[in-house]
1. When the solvent-accessible surface of protein heavy atoms is calculated with a 1.4 angstrom probe, in what order do H105, H189 fall, highest first?
2. In the structure shown, do any of K315/K356; K41/K73; K295/K356 have a Cα-Cα gap over 18 Å, and if so which?
3. Give me the percent of accessible area attributable to carbon and sulfur for region 402-476, probe 1.4 angstrom.
4. Over all directions, what mean area does the Cα convex hull of region 148-258 project, stated in square nanometres?
5. Kirkwood hydrodynamic radius, region 216-285, all distinct C-alpha pairs: what's the number in Å?
6. Give me the one-decimal nm value for the distance between modelled label points at L357 and E31, 7 Å along each residue's Cα-to-Cβ direction.
7. Based on a Kirkwood Rh over C-alpha pairs, give the Stokes-Einstein translational diffusion coefficient of region 165-222 at 20 °C and viscosity 1.002 mPa s in µm²/s.
8. At q = 0.15, 0.23, 0.28 Å⁻¹, work out log10 I(q)/I(0) for region 1-77 with the Debye formula, treating every Cα as an identical point scatterer and leaving solvent out; two decimals please.
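The values are calculated or read from the model by the stated rules, or taken from the named source; none is laboratory data. What you see is a predicted model, and the numbers here were worked out from it, not measured in a lab. A quick note on method: Cβ atoms are made from the backbone with ideal geometry, for glycine too, and the neighbour counts reach across all protein chains shown. The accessibility values were calculated without ligands, DNA or RNA, using every heavy atom of the protein model including side chains. Shrake-Rupley method; radii C 1.70, N 1.55, O 1.52, S 1.80 Å.
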Amino acid sequence: MTHQTVFVVDFGGQYTQLIVRRVREMGVYSEMIPWTTAADKIAAHRPSAVILSGGPKSVLEEGAPTIDFEILKGIPVLGICYGQQLMAHRLGGRVEKAGHKEYGHRTLVPTASISKSLVAHLASDQVWMSHGDQVLGVPPGFVVTASTDSCPVAAFENTATVQFGVQFHPEVTHTPDGKTVLKRFLFDHAKLKADWTSESFIDEQLASIRETVGDGKVLCAVSGGVDSSVMAALLIKAIGDRAVCVFVDHGLLRKNEGQQVKETFLDHFKANLKAFDVQDQFFSALKGHTDPEKKRKIVGENFVKVFEDHATELKDCDFLAQGTLYPDVIESGSPTAAKIKTHHNVGGLPDWMTMKLIEPLRWLFKDEVRNVGRRLGLPEEMVEREPFPGPGLAVRVLGEVTPERVRMTQEADWIFRTELKARGLNRGIWQSYAALLDVRSVGVMGDERTYEQPIVLRAVESEDAMTARAVNIPFEALEAIASRIVNEVQGVNRVFYDLTSKPPATIELE
């Protein structure tokens, strides 16, 4: 890549990927790299700037994550939370266990005499803290630029070496003016330029795809969702008909969605589309399985089996393209982050898959994918389509996945989303769906006892799927939706609404 790059060194912090997102929002390309390999990558690529993330460990612990600051000489550096503590610890400052842990909002008090610091004259003095250690003495050459009532060194800097540290988290929305802090570091001090755009990404990916594929063919696994649609549009633009779009109808889509997908790719994309109805294969493979991780892997394996079972029909397809996104990669685990769940198109692919994998969207967030889609000319209704999990309803039918339980989920989901749209409540929703729980409850319908399954409704608002909160749907609407579901969906006698945020929950129930 020819544009400037910011490496975000990941020390296992929960907000590390959000730092990457914030930097990209400002038009600067950024990558997350694990601390275990950071020195080698920084030495090899010499990024334009480095940001050191937060992390759950203490710099005072033996074997705590670290980095060789000799490698960082001459590179602008910003340390956030653990990153600030590590900078102080390694450069000759003093870090100790805090007498009073800070978690949540604090009021930042800048040093009055330093008017051009990273944290001077912010529009809001509220910052988000989450730490147990704190810096009590700054390294030689550094000056304190802000404090809080319980944190004497909330920010410090050395403008001569272009090294900065903040104890708070400027990347989260809970720090209202955090973006100003990041902007000042990137543009005022690191002297970067904003050259990371949708257009530059498209140009780079088109060149990369053509170089990788050569004269070959690519099997594009499409579902009709935003990710696979944008991925397919990129491949079609790059290599035309040699992008063979394959739609696998596994029976785990939303109501009527299979037909919609076929019409979209044939009518809008004029794509070289091959559709395979393999519902029996997927339901047979999922029979008897209730563990969500196992179900995800089964779906991933059977996707590839379909592709390879039709190898003759899909002859000369040496590559498999998928719409994997950055949050998929993060949640499937990294060297410094715990595995939350296996995404069928990341950790769920079997070892015996013979096609070479192409994932042009692998390092993009959802909003970046939508912007790329718009630049490629995709219709707005496609670009703004709500995310849908790759394993489909296999992870919204809790417990065993059967055709009947999928039917119940499809019907309830259709009622929920139709009602939200009809009432104008769908605007601003990141994702909304109905899921079927793997329990039964007693009810009364028509003066008779029922012992049937409950539906749980979920609607969340989010920026990037890394965090989310439940949407405040009026009780009247929820009551009407629940009434329709129990009256119209055979086998359902109770409806719940999920109010849990992410974290601690995930957006999907499995």
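1. On the way: H105 85, H189 50 Å².
So, going from the largest accessible area down, we get H105, H189.
2. Numbers: K315/K356 14 Å; K41/K73 14 Å; K295/K356 24 Å.
Checking Cα-Cα distances, K295/K356 exceed 18 Å.
3. On the way: 1860 of 3830 Å².
The C+S portion of the solvent-accessible surface of region 402-476 is 49 percent.
4. On the way: hull surface 50.8 nm².
Mean orientational projected area (region 148-258, Cα hull): 12.7 nm².
5. Numbers: mean 1/r = 0.0811 Å⁻¹.
Hydrodynamic radius (Kirkwood, Cα only) of region 216-285 equals 12.3 Å.
6. In this crude label model, L357 to E31 measures out at 1.7 nm.
7. Working: Rh = 15.1 Å.
Taking Rh from Cα pairs, D becomes 142 µm²/s.
8. Here the Debye-derived log intensity ratios amount to -0.49, -1.09, -1.42.
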